[in-house]
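Since the structure comes first, as structure tokens, the remarks are kept for the end.
The numbers here are math on the coordinates, done by the rules we state, and not lab data. Everything quoted here is computed from the prediction, not taken from an experiment.
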Amino acid sequence: MDAWLELRALIDVVLAMGLGGAIGFERETKDRPAGFRTHMLVAAAAALLVSVGRGMLDDPRFSTGEVTIDPLRLVEAMIAGVAFIGAGTIFSRRGEDSIAGITTAASLLMVAIIGVTIGLRYYLLGTAATALTLLVLIAQRRVERWLAGRAARN
């Protein structure tokens, strides 16, 4: 990878960190198991992995035919890693019939995919996905409160 490609990859990582951080901040304010830093790091790792994969496709050292590169395998490996982290945020409460952490696990998966999107340089799509994710996370709480209030009145 030449210096220009590395700089572009670094820009992608910084942008992914910012977008992941926005979602992580929302999780942090709700005191969830994975917050600001975790979401930033997951998004950045995904963007970096995909950016490195993109760079390898253009790198003459890897175009000899001896090494084959499949960027989708990088995405698959990253998703597997995020699944492991997400599973750690999900736990069952003893003595209750409830499970906590599923939304945070889903938000980690989402920031990983946003990181992949940014790493592939689909900036508008990644930014829009971040806004939609924040809308779901913020609106979800309001809808739940509204429904709980209606149920309490009935």
Can you give the Rg/Rh ratio of the stretch 113-154, where Rg is from the C-alpha atoms and Rh is the Kirkwood radius?
1.33
Treating each Cα of the stretch 9-55 as an identical point scatterer and ignoring solvent, apply the Debye formula and state log10 I(q)/I(0) at q = 0.16, 0.22, 0.31 Å⁻¹.
-0.40, -0.63, -0.96
Beyond 18 Å, what percent of the Cα pairs of the chain remain?
62
